[in-house]
Amino acid sequence: MSILSGKHILLGVTGSIAAYKAADLASKLTQAGAQVDVILTNAAEKFVTPLTYQSVTGRKAYTDKDLWGDEAHVLHVNLGKTADLLVIAPCTADTMAKLAHGMADNLLTVTALAATCPILIAPAMDGGMFYHPATQANLQTLQTRSVLVAGPAAGHLASGLKGVGRMLEPIEILGHIRIALGKKGILAGKKIIVTAGGTQEAIDPVRVITNHSSGKQGYALAQAALDAGAKVTLITTPTALTPPVGAEVIRVKSVQDMLDALLNETADALIMAAAGADFRPVHVAKDKLKKRDGIPQIQLEAAPDILKALSSPNEGKKRFNVTVGFAAESRDLLANASEKLKSKGLDFIAANDISANDAGFAVETNRITLLFATGTPETLPLMSKHDAAEKIIEHVARLLE
Ligand code: CTP
């Protein structure tokens, strides 16, 4: 998670039961390499202690005692000036009101006023308070001042009521933090489409022909593009993965669905990480094939080759300035990948040796060689799919320059 590594995040925690969840957020940020300084309000201290946060960040957690302590007049200014982002999670209706009105009556609100970095709030409040006209007016004021808002979500509230007011889950807030940090990244202002997962070609209403693709590399690419500041559309087949926060998600099943979805799109770059089927049943049975009818003879036909279809002159329109493909090969890696690079009209291809245990489908790592339409190949060492995604995104950005 290089977007967070070395970043200075100020985490303000206010008086909501969701304060206990913010400890998980502080932990996740710290594990991702960020330096996390926590400021608790008095009300937050009723729910959690500074020690909770110190234990996960390895750094002092500040409280209002520090506002009147030795470092007093420099502390809030320093914290607010050195941070890359001030995140207030959970942010109560009271703190939202204070921020909207420029009040500075505790260390957190003083720091927010002095802060020169962007501010992201994750509101959390009970029954009806979020939709109170006062809260909505404060929200609007904050948004017009470019304060970023993550949530709140609908669901069960601490009072037992159901409604809008739950703080987003830490993993979702983390996604919003990544977007906030990536805003001026190398792909800012660009639109990137990533396809992911193995397609499903129906045999009957129950059965499909699919492959071992997990979608991990595609999802990692979508996240890396978001981290780089791009607007991202993820066209995905059914997978067990959660799409990254901020991606527009289009769900498809077959190669034909994926091609149709792409024919509705244009973008700066297309990264085809999906494992599309090469063959599909000629006929899809309307009803479930029954055992009692014997073993079916399933006749296959060629499925459309999406990349070839998109690069064909008949397509008439260049939808993507840069097109990147993957080559999943179990032998003759570079020769086969090089042939696909040319025949599919790609700018570059990530050749992936799926015969190794530590690369290819469903594992966390990949061993990739990048082959370019123009330029020398680059062999990447064994690395996580996230790191491989970042490398690929760097090359996409370079080609789009
Ligand atoms: N691909 C595609 N349409 C398909 C199948 C694959 O556009 N119907 C794309 C993949 O997303 C990938 C690239 O083509 O970016 C290469 O996919 P791969 O499965 O390695 O190759 P195939 O084209 O299927 O060729 P072969 O069967 O010879 O390996």
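Data table
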| item | result |
| --- | --- |
| Condition met for residue 184 (loosely packed, with under 13 Cβ neighbours inside 10 Å, modelled with pLDDT under 95, of a type in the set (Lys, Arg) and over 17 Å from the mean Cα position of the chain (by Cα)) | no |
| Helices (runs of 4 or more DSSP H) contained entirely in segment 97-208, each with at least 1 residues that are more than 29 Å from residue 6 (Cα to Cα) | 133-144 |
| Unique match (being closer than 18 Å to residue 261 by Cβ, within 11 Å of the ligand (Cβ to nearest atom) and out of contact with any Cys (no Cβ under 6 Å at 6 or more places or on another chain)) among 337, 351, 328, 309 | 309 |
| Output for segment 266-294, where each listed residue is open to solvent by 60 Å² or more (accessible area, probe 1.4 Å), touching a strand residue (DSSP E or B) at 6+ places or on another chain (Cβ under 8 Å) and not in a loop (DSSP other than H, G, I, E, B) | 279 |
| From 338, 355, residue being of a type in the set (Gly, Ala, Ser), over 20 Å from residue 267 (Cα atoms) and not in a loop (DSSP other than H, G, I, E, B) | 338 |
| Filter result (in a helix (DSSP H, G or I) and over 15 Å from residue 171 (Cα atoms)) within segment 7-46 | 42, 43, 44, 45, 46 |
| Verdict on residue 162 being open to solvent by 50 Å² or more (accessible area, probe 1.4 Å) and either within 30 Å of residue 319 (Cα to Cα) or in contact with an Asp or Glu (Cβ under 6 Å, 6 or more places away or on another chain) (or both) | no |
| Test result for residue 348, under 28 Å from the mean Cα position of the chain (by Cα), open to solvent by 60 Å² or more (accessible area, probe 1.4 Å) and hydrophobic (A, V, I, L, M, F, W, C) | no |
| Any hit, segment 120-134, residues being open to solvent by 10 Å² or more (accessible area, probe 1.4 Å), farther than 30 Å from residue 218 by Cβ and among the β-branched types (Val, Ile, Thr) | no |
| Unmet requirement for residue 315, which otherwise passes all of (1) within 29 Å of residue 187 (Cβ to Cβ); (2) surrounded by fewer than 18 Cβ atoms within 10 Å (Cβ to Cβ); (3) within 12 Å of the ligand (Cβ to nearest atom) | (3) |
| Criterion violated by residue 109 - all others in (1) touching a residue at least 24 places away in the same chain (Cβ under 8 Å); (2) in contact with a Ser or Thr (Cβ under 9 Å, 6 or more places away or on another chain) satisfied | (1) |
| Output for segment 276-295, where each listed residue is away from the ligand (no atom under 15 Å from the Cβ) and touching a residue at least 24 places away in the same chain (Cβ under 8 Å) | 284, 285, 286, 287, 288, 289 |
| Within segment 264-275, tally of residues that are touching a residue at least 12 places away in the same chain (Cβ under 8 Å) and more than 8 Å from the ligand (Cβ to nearest atom) | 7 |
| Filtered residues of segment 124-138 (kept if under 21 Å from residue 21 (Cβ atoms) and of a type outside the set (Gly, Ala, Ser)) | 125, 126, 129, 130, 135 |
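The values are calculated or read from the model by the stated rules, or taken from the named source; none is laboratory data. Note that this is a predicted model, so its numbers are computed, not measured. FYI the Cβ positions are ideal-geometry reconstructions off the backbone, even for glycines, and counts take in every protein chain you see. Surface areas here come from the heavy atoms of the whole protein model, side chains and all, with no ligands, DNA or RNA. Shrake-Rupley method; radii C 1.70, N 1.55, O 1.52, S 1.80 Å.
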